[in-house]
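The values are calculated or read from the model by the stated rules, or taken from the named source; none is laboratory data. This structure is a prediction, so every number in the text was calculated from the model and none was measured. Backbone-built Cβ (ideal geometry, glycine too); neighbour counts: all protein chains shown.
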Amino acid sequence: GSHILSVNQLDLDSIHTIFSVAERMAPYALREKRTRVLDGAILGNLFFEPSTRTRVSFGCAFNLLGGRVAETVGMASSSLSKGESLYDTARVLSTYSDVIAMRHPDAYSVREFAEGSRVPVINGGDGPNEHPTQALLDLFTIQKELNQGGRGIDGMHIAMVGDLKFGRTVHSLSRLLCMYKNINFTLISPTELAMPDYVIADIENAGHKVTITDQLEGHLDKADILYLTRIQEERFPSQEEANKYRGKFRLNRSIYTQHCKSNTVIMHPLPRDSRAQANELDNDLNSHPNLAIFRQADNGLLIRMALFALTLGVDSQLEKYECAVNW
Ligand code: CP
């Protein structure tokens with residue numbers, strides 16, 4: 001029944017619980033079974049910043065458990081644009097809903113909102129700070145992908161590439177990975193877009209190895225996981241400023257084949273920037289079996305269903321409220 005604002009609230013036990021409930025969601029996500037366990041419940045899905053995957057998968061996850069979704073899309077459509085505080089917004093909207101998912105362009109805004117909320121709030125991304133549900137679905141994907149090849153998370157090598165300064169998914173994922181043993185981090189970014197010092201400190205204090213570089217080639221040969229990110233142009237003061245960095249690091253089939261192990265798993269939180277001047281992950285890898293980007297998005301639905309079931313305390317009642325699939 002509590003908020004999910006940061007990965008720092010989690011430990012290995014709670015992560016394992018979330019993953020085991022997520023596994024039990026597969027038949028419902030695949031429409032093999034149906035449950036109405038959240039019949040009558042309402043999700044407030046509040047997205048004050050653009051989103052495709054996170055917003056729609058939060059909404060569909062809630063629908064798949066039998067609940068209903070009330071949405072606010074964009075800052076302009078909400079009274080925040082008239083100067084209303086996050087506290088007042090939360091106080092009001094939390095009367096209408098049983099749980100709230102929220103994305104907002106400012107760091108720590110979701111925490112501020114949660115202080116005014118009378119129901120649990122789940123952080124769907126607060127500016128450049130954190131994206132805890134993405135980190136959980138990334139970790140869930142990493143575990144599945146590595147286990148399939150007989151590998152595990154302990155001792156693995158991960159290369160994170162791109163905008164590590166503003167990329168909130170890598171901030172959250174790094175902290176989750178810190179809970180495992182002997183992770184080798186290679187952080188590849190333009191110097192100006194390096195991983196924040198406080199995240200690097202967390203990694204080092206947990207005893208993991210960190211290599212920091214601004215070169216892609218020559219640093220990929222040990223990676224079990226290659227995690228690419230987009231230049232977060234919406235966080236830059238101008239388009240021109242962001243353009244300085246777009247296209248600096250690109251992965252395509254020929255670079256992958258030349259520089260990575262044959263079992264390197266390719267990940268990206270998406271959206272990837274498909275415009276020619278950026279194109280950090282080329283379409284010529286779309287059919288590659290090691291490309292896990294759409295499996296990440298698929299896993300996001302399971303993770304968000306699990307988080308709702310656990311937050312609302314119905315994870316043991318999924319089967320009890322099963323009903324027929326009638327389409
Ligand atoms: N990965 C992710 O957060 O995607 P959206 O911005 O489309 O929600």
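Residue 148 meets the conditions (1) free of Cβ contacts under 8 Å to residues at least 60 places away in the same chain; (2) in the same structural domain as residue 43 (by TED's automatic domain parsing) in every case but one. The failed one is (2). Would you confirm whether any residue within the range 75-83 is at pLDDT below 95, within 16 Å of the ligand (Cβ to nearest atom), outside any helix (DSSP H, G or I) and of a type outside the set (Ser, Thr, Tyr)? Yes - at least one qualifying residue is present in the range 75-83. Among the residues of the range 84-119, just one is among the small types (Gly, Ala, Ser), more than 22 Å from the chain's Cα centre (by Cα), buried (at least 21 other Cβ atoms within 10 Å of the Cβ) and in a helix (DSSP H, G or I), namely 90.
Every residue, every condition in (1) β-branched (Val, Ile, Thr); (2) farther than 30 Å from residue 179 by Cα, yes or no:
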{"site": "17", "(1), (2)": "yes, no"}
{"site": "39", "(1), (2)": "no, yes"}
{"site": "50", "(1), (2)": "no, yes"}
{"site": "61", "(1), (2)": "no, no"}
{"site": "83", "(1), (2)": "no, yes"}
{"site": "91", "(1), (2)": "no, yes"}
{"site": "96", "(1), (2)": "no, yes"}
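All told, residue 255 meets the bar of being of a type in the set (A, V, I, L, M) and over 16 Å from residue 229 (Cα atoms).
Restricted to the range 259-273, and to residues that are within 16 Å of the ligand (Cβ to nearest atom) and not basic (Lys, Arg), which residue is farthest from residue 153 (Cα to Cα)? Step by step, filter the range 259-273, then rank; the result is 273.
Just for strands (runs of 3 or more DSSP E) wholly inside the range 120-211: which have at least 2 residues that are of a type outside the set (A, V, I, L, M, F, W, C), farther than 28 Å from residue 306 by Cα and at pLDDT 95 or above? Let's see the steps before the verdict.
On the way: elements: 121-126, 157-161, 184-188.
Because the criterion is at least 2 residues that are of a type outside the set (A, V, I, L, M, F, W, C), farther than 28 Å from residue 306 by Cα and at pLDDT 95 or above, the strands (runs of 3 or more DSSP E) in the range 120-211 that meet it are 184-188.
Looking at 305, 267, which one is touching an Asp or Glu at 6+ places or on another chain (Cβ under 7 Å), buried (at least 19 other Cβ atoms within 10 Å of the Cβ) and modelled with pLDDT of 95 or more?
Among 305, 267, only 267 is touching an Asp or Glu at 6+ places or on another chain (Cβ under 7 Å), buried (at least 19 other Cβ atoms within 10 Å of the Cβ) and modelled with pLDDT of 95 or more.
Given the criterion charged (D, E, K, R) and within 16 Å of the ligand (Cβ to nearest atom), identify the matching residue among 253, 175, 168. Steps first, answer last, please.
Numbers: 253 fails: within 16 Å of the ligand (Cβ to nearest atom); 175 fails: within 16 Å of the ligand (Cβ to nearest atom).
Result of the check over 253, 175, 168: 168.
Among the residues of the range 50-60, is there at least one that is within 30 Å of residue 317 (Cα to Cα), touching a residue at least 12 places away in the same chain (Cβ under 8 Å) and aromatic (Phe, Trp, Tyr)? Among the residues of the range 50-60, at least one is within 30 Å of residue 317 (Cα to Cα), touching a residue at least 12 places away in the same chain (Cβ under 8 Å) and aromatic (Phe, Trp, Tyr), which makes the answer yes. Of the residues in the range 111-119, not one is touching a residue at least 40 places away in the same chain (Cβ under 8 Å), within 12 Å of the ligand (Cβ to nearest atom) and either more than 22 Å from residue 272 (Cα to Cα) or in contact with a helix residue (DSSP H, G or I) (Cβ under 7 Å, 6 or more places away or on another chain) (or both). Counting only helices (runs of 4 or more DSSP H) that fall entirely inside the range 225-327 and contain at least 2 residues that are more than 30 Å from residue 2 (Cβ to Cβ) and touching a residue at least 12 places away in the same chain (Cβ under 8 Å), the qualifying elements are 253-259.
For the range 34-56, how many residues are within 16 Å of the ligand (Cβ to nearest atom) and touching a Ser or Thr at 6+ places or on another chain (Cβ under 9 Å)?
Taking the range 34-56 and keeping what is within 16 Å of the ligand (Cβ to nearest atom), we get 43, 45-56.
Imposing the further condition that a residue be touching a Ser or Thr at 6+ places or on another chain (Cβ under 9 Å) reduces the set to 43, 45-48, 54.
Result for the range 34-56: 6.
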